[in-house]
1. Regarding R241, is this residue more than 20 Å from K65 (Cα to Cα) and crowded, with 18+ Cβ neighbours inside 10 Å?
2. Kindly state which strands (runs of 3 or more DSSP E) lie completely within the range 130-227 and contain at least 3 residues that are under 30 Å from E301 (Cα atoms).
3. Name the residue, out of V277, V246, V285, that is among the β-branched types (V, I, T), in a helix (DSSP H, G or I) and under 25 Å from Q125 (Cβ atoms).
4. Does the range 334-344 contain at least one residue that is in a loop (DSSP other than H, G, I, E, B), buried (at least 22 other Cβ atoms within 10 Å of the Cβ), outside the structural domain of M195 (by TED's automatic domain parsing) and in contact with a Pro (Cβ under 9 Å, 6 or more places away or on another chain)?
5. Return yes or no: is I120 touching a strand residue (DSSP E or B) at 6+ places or on another chain (Cβ under 6 Å) and in a helix (DSSP H, G or I)?
6. So in the range 140-172, with the set limited to residues that are aromatic (F, W, Y) and within 24 Å of I365 (Cβ to Cβ), which one is surrounded by the fewest Cβ atoms within 10 Å (Cβ to Cβ)?
7. Return yes or no: is S342 among the polar types (S, T, N, Q) and at pLDDT below 95?
8. Can you name the residue in the range 256-305 that is free of Cβ contacts under 8 Å to residues at least 60 places away in the same chain and of a type in the set (D, E) and, of all such residues, is surrounded by the fewest Cβ atoms within 10 Å (Cβ to Cβ)?
Amino acid sequence: MCKGSFLRLFDRVIALGFVFSNMIKSKLPQVSDSIFTTMSRLAQKYDALNLSQGFPSFPVDPVLKSLHQEAIGQDQNQYAPMAGLPKLRIKLSQMTQEQHGAFYDPDTEICLTAGATQGIFSAIQATVHQGDEVILFTPAYDCYAPAVELAGGKVIAIPMQVPEFTIDWEQVERQVSDRTRMIIINSPHNPSGNMLTQQDMLALQEIVLRHQLYVLSDEVYEYIAFDGRTHYSAAAFEGLRERSFVTGSFGKTFHVTGWKMGYCLAPKAMMQEFFKVHQYVVYCVNRPVQQAIAQYLKQPERYTELGKYYQRKRDLFLNLINESRFKYVPTHGSYFQLLDYSAISEEGDVDFAKRLTRDHKIAGIPISVFMDGNDPKMLRFCFAKEDEELVQAATILNRL
């Protein structure tokens, strides 16, 4: 082939590629790389200490790893039942009864999911229809809104009251319309670490029952509560339990985020619709992981003592930065701490976070990206790290 013919062919290939790429009409045209991806990429580029993404840096319990290996060695490697291994669903039912006084039928009201995110997605797809409105509270975890939009719904974002990150339930009542289908809550809250109180849950229950709404309760940090605070699950309130999907995460609880193992609880009629979506999204989830976790859960202190473990890390981190120029309110739960940098810089939080990563070698998450541009001059830092890393982080932050 002569050079001219090759160039003409190359031009046609490029043109066809352009045509094909423009044939795809995006269902999420505003979605690009998440802030988590962006900050982790910057942390890697500048060899910075990464306290941005919410994953532990310390090792998994050797007992849990051994149980996983045993499950594989015992040939627990084929498809699990669609809803999950019966022994694990039975254990989840017992745990919920013990922790929240709520019974969920292991056969019809519990499903193991590929992380809580898949449970959240499936619950939304199962119940939200074209034109439905879904209320959520910002700053919000970034998977909620896209899942609503993919279902054809409309997000009604209500800003939390900063700096306390509380909810004005009278404002929620005013935002409910005849199109409202669901309210999404998250407690302990990511990114603020605030926790909904009993009064919050009762106010939510009143609104939900009055307007016959559904609730999606994201409770992935349910066992990480500090200073004697109580985590109030939607499962613990009869009126909410009857209309709620409750999602949790073994990945968060047992420091195995890469295993992607979550669960969803819901009344039978709601779970039937959930199963219809779940079976075509993943059908079932990792069998040897389920087997290992079912065995690991036989010792309740492995989850009931988790708050004490992380409170020590929170206190270590905050004590180390106590003389810094950052302002903070100790987080109530989760493994995240917000730091107010307004005494240090007037920069927007995205620019400040990038500069910290580039020039000072520490990465955090700017929270304005979850607040429709509202910028309270705060960054989120994850303290689920080795103590040495927390000391290193504090040394950097104290210099600012």
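1. Yes, satisfied.
2. 180-186, 214-218
3. V277
4. yes
5. Judged against the criteria, I120 is a match.
6. Here the residue is Y141.
7. no
8. E301
The values are calculated or read from the model by the stated rules, or taken from the named source; none is laboratory data. Owing to the predicted nature of the structure, the values given are computational and were not obtained by experimental measurement. Backbone-built Cβ (ideal geometry, glycine too); neighbour counts: all protein chains shown.
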